[in-house]
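Engineer: Just passing along the structure, written as structure tokens.
The values are calculated or read from the model by the stated rules, or taken from the named source; none is laboratory data. Remember, predicted model here, so these are calculated numbers, not experimental data. Positions of Cβ are backbone-derived with ideal geometry, glycine not excepted, and every protein chain shown enters the neighbour counts. We work out accessible area using only protein heavy atoms, side chains counted, and drop any ligands, DNA or RNA first. Shrake-Rupley method; radii C 1.70, N 1.55, O 1.52, S 1.80 Å.
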Amino acid sequence: MIITMDKTASQNEISAVIEKINELGFEPHLSQGKVRTIIGVMGVNTGKVKTEIFEAIPGVEKVSRLEKPYKLASRDFKSDNTTIRVGEVEVGSKDFVLMAGPCSVEGEHQILSCAEVVRVAGGRVLRGGAFKPRTSPYSFRGLKEKGLQLLRKAADQFSLLVVTEVMSVGSIKLVAEYADILQIGARNMQNYDLLEAVNSCKKPVLLKRGPSAEIEEWLCAADYILNGSEFPNVILCERGIKTFERATRYTLDIAAVPVAKRLSHLPVIVDPSHAAGDFHYVPALAKAAVAAGADGIIVEIHPDPTRAFSDGAQSLTFSDFARLAKELKLIASAVGRSM
Ligand code: PEP
Ligand code: MN
């Protein structure tokens, strides 16, 4: 249930609604917009409560029941776009945010050289896996804390932010010591314990869409995170879904960008690298992302993709990446964004 307050509702009227929600044993979740306040009624079986209970309170404009299984991520709950500010970077604003780096942090020279290239290209966020989810347990699974340290050092040297994956509840604290944005990977999109626990670090979360997840399931996953957070802190990331097509690793669901942006107020970015699985297609998908209205991309690069410990086939060389960044700038400005 979502309660929309009148534009002129006073603080006392808002408090009366909150009190009623608490009295009924539910939890209020406030969204203070520029124009009006919207209050989500959170809890089990809110459907059993009559809307009249709230409609009768002065200052309430309307009470709506949501047919959607998610609330906090929805446009009904917050009608204006959410901007997530991390340091100097704003995701979901007019800026198109370029995030890039290697699939895995492999060593100091590798990550420092990537960081320099990202900075020069106009990127704002350095990516790199230190805890790697791998299909085969015998593949390279990351440098763990050493990788986090190298990533932080490289990002600081080139004034970049850090985004890196957290795979387990037990490592949230450690990852958050080094990262500015915590990534929850595609494989963990429905790891509900992890989604709920990640808020303990009070940092923004980049939530990848699961390869087999519907957009609705993805937004429900976002709600698991938002429910424990005082401010909207989720960046959605489309990274390709499973289809019958085998020419690419996954199929980039480019339509997911406008769909997610229409259904949700959260920023949406695209990962063209994992979607394509092949460097030949990454630039085209990245450019499609800006044109489709994404708020940024996260792309894999490597000083020598043929020697990469993971995902070399989809990693861009530095020169291909620099060329892509220039093209992205042109498209971004054509669609009213800056990069
Ligand atoms: C990654 O970004 O390093 C990654 C493993 O991506 P995904 O979770 O989308 O497969
Ligand atoms: Mn990868």
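Engineer: Past the 27 Å Cα-Cα mark, which pairs from Lys71/Lys132; Lys20/Lys261; Lys78/Lys208?
Structural biologist: Beyond 27 Å between Cα atoms: Lys71/Lys132; Lys20/Lys261.
Engineer: Let me ask something else. Taking +1 at the Cβ of each Lys and Arg and -1 at the Cβ of each Asp and Glu, which of Ile181, Ala73, Pro272 sits farthest along the dipole of the chain towards its positive end, judged by Cα position relative to the Cα centre?
Structural biologist: Pro272
Engineer: Which of Gly312, Val335, Ala325 sits closest to the plus end of the dipole of segment 298-339, meaning its Cα is farthest towards the positive end, when Lys and Arg get +1 and Asp and Glu get -1 on the C-beta?
Structural biologist: Val335
Engineer: Out of the GluC sites (Glu not before Pro) in segment 201-230, which ones are loop residues according to DSSP with at most 12 other C-beta atoms within 10 Å?
Structural biologist: Glu214, Glu230
Engineer: With every protein chain left in place, what is the accessible area per residue of the chain in square angstrom, probe 1.4 Å?
Structural biologist: Per-residue value: 44 Å².
Engineer: With the convex hull built on the Cα atoms of segment 2-64, state its orientation-averaged projected area in nm².
Structural biologist: 3.7 nm²
Engineer: Given only helices, namely DSSP H runs of n ≥ 4 each adding -39500 (n - 2.57), what is the per-residue ellipticity at 222 nm of the chain, to the nearest 500 deg cm²/dmol?
Structural biologist: -9500 deg cm²/dmol
Engineer: At 15 Å minimum axial length over the Cα atoms and a Kyte-Doolittle cut of -0.5, report the qualifying DSSP H helices in the chain, or say none.
Structural biologist: Within the chain the helices that satisfy the rule are 11-23, 108-121, 215-226, 318-334.
Engineer: Charges on Cβ only, +1 for Lys and Arg, -1 for Asp and Glu, centred on the Cα centroid of the chain; of Gln149, Thr82, Gly101, which one is farthest towards the dipole's positive end?
Structural biologist: In the chain, that residue is Gly101.
Engineer: Once you charge only the Cβ atoms, +1 for Lys and Arg and -1 for Asp and Glu, what is the size of the charge dipole of segment 137-258 about its Cα centre, to the nearest 20 debye?
Structural biologist: 620 debye
Engineer: Using 29 Å as the Cα-Cα cut-off, could you pick out the over-long pairs in Lys62/Lys94; Lys7/Lys173; Lys202/Lys326; Lys153/Lys202?
Structural biologist: Pairs exceeding 29 Å: Lys62/Lys94; Lys7/Lys173; Lys202/Lys326.
Engineer: Relative to the compact-globule scaling 2.2 N^0.38 Å, provide the ratio for the alpha-carbon radius of gyration of the chain.
Structural biologist: 1.03
Engineer: Give me the percent relative contact order of segment 84-334, please, defined on Cα pairs under 8 angstrom at least 6 residues apart.
Structural biologist: The value is 19 percent.
Engineer: If you take the C-alpha gyration tensor of segment 180-339, multiply each eigenvalue by 5 and take the square root, what semi-axes do you get, largest first, in whole Å?
Structural biologist: 26, 18, 16
Engineer: Hand me the trypsin sites (Lys or Arg not before Pro) from segment 170-261 located in a DSSP loop with no more than 10 other Cβ atoms within 10 Å, in residue order please.
Structural biologist: In loop regions of segment 170-261 (DSSP not H, G, I, E or B), the sparsely surrounded trypsin sites (Lys or Arg not before Pro) are Arg246.
Engineer: Taking H as built 1.01 Å from N, whose amide H comes closer than 5 Å to the amide H of Glu61, not counting residues under 5 places away?
Structural biologist: Thr4, Met5, Asp6
Engineer: Using the Cα centre as the reference, give the magnitude of the dipole from point charges on the C-beta atoms of the chain (Lys, Arg: +1; Asp, Glu: -1; all else neutral), rounded to the nearest 20 debye.
Structural biologist: Value, rounded to 20: 460 debye.
Engineer: Here is a further query. If you stretched the chain out fully between Glu196 and Leu330, how much longer would it get, using 0.36 nm times the residue separation minus the C-alpha to C-alpha distance?
Structural biologist: Roughly 44.3 nm would be gained on extension.
Engineer: Taking loop as defined by DSSP and a crowding limit of 16 other beta carbons within 10 Å, which GluC sites (Glu not before Pro) in segment 1-108 fit?
Structural biologist: Of the GluC sites (Glu not before Pro), the ones in loops of segment 1-108 whose Cβ has at most 16 other Cβ atoms within 10 Å are Glu67, Glu88.
Engineer: Let me know the longest stretch in the chain that avoids all chymotrypsin sites (Phe, Trp or Tyr not before Pro) found in a DSSP loop with at most 11 other C-beta atoms within 10 Å.
Structural biologist: Of all site-free stretches, the longest is 1-137.
Engineer: Quote to one decimal, in nm, the extra length available between Lys242 and Asp304 on full extension: 0.36 nm per residue of separation minus the C-alpha distance between them.
Structural biologist: Fully extending the segment from Lys242 to Asp304 adds 19.5 nm.
Engineer: Here's something else I'd like to know. Got a sec? Which residues in segment 25-39 would a label at Asn12 touch, if it sits 7 Å along Cα→Cβ and we count backbone N under 19 Å?
Structural biologist: Under cut-off, by backbone N: 37.
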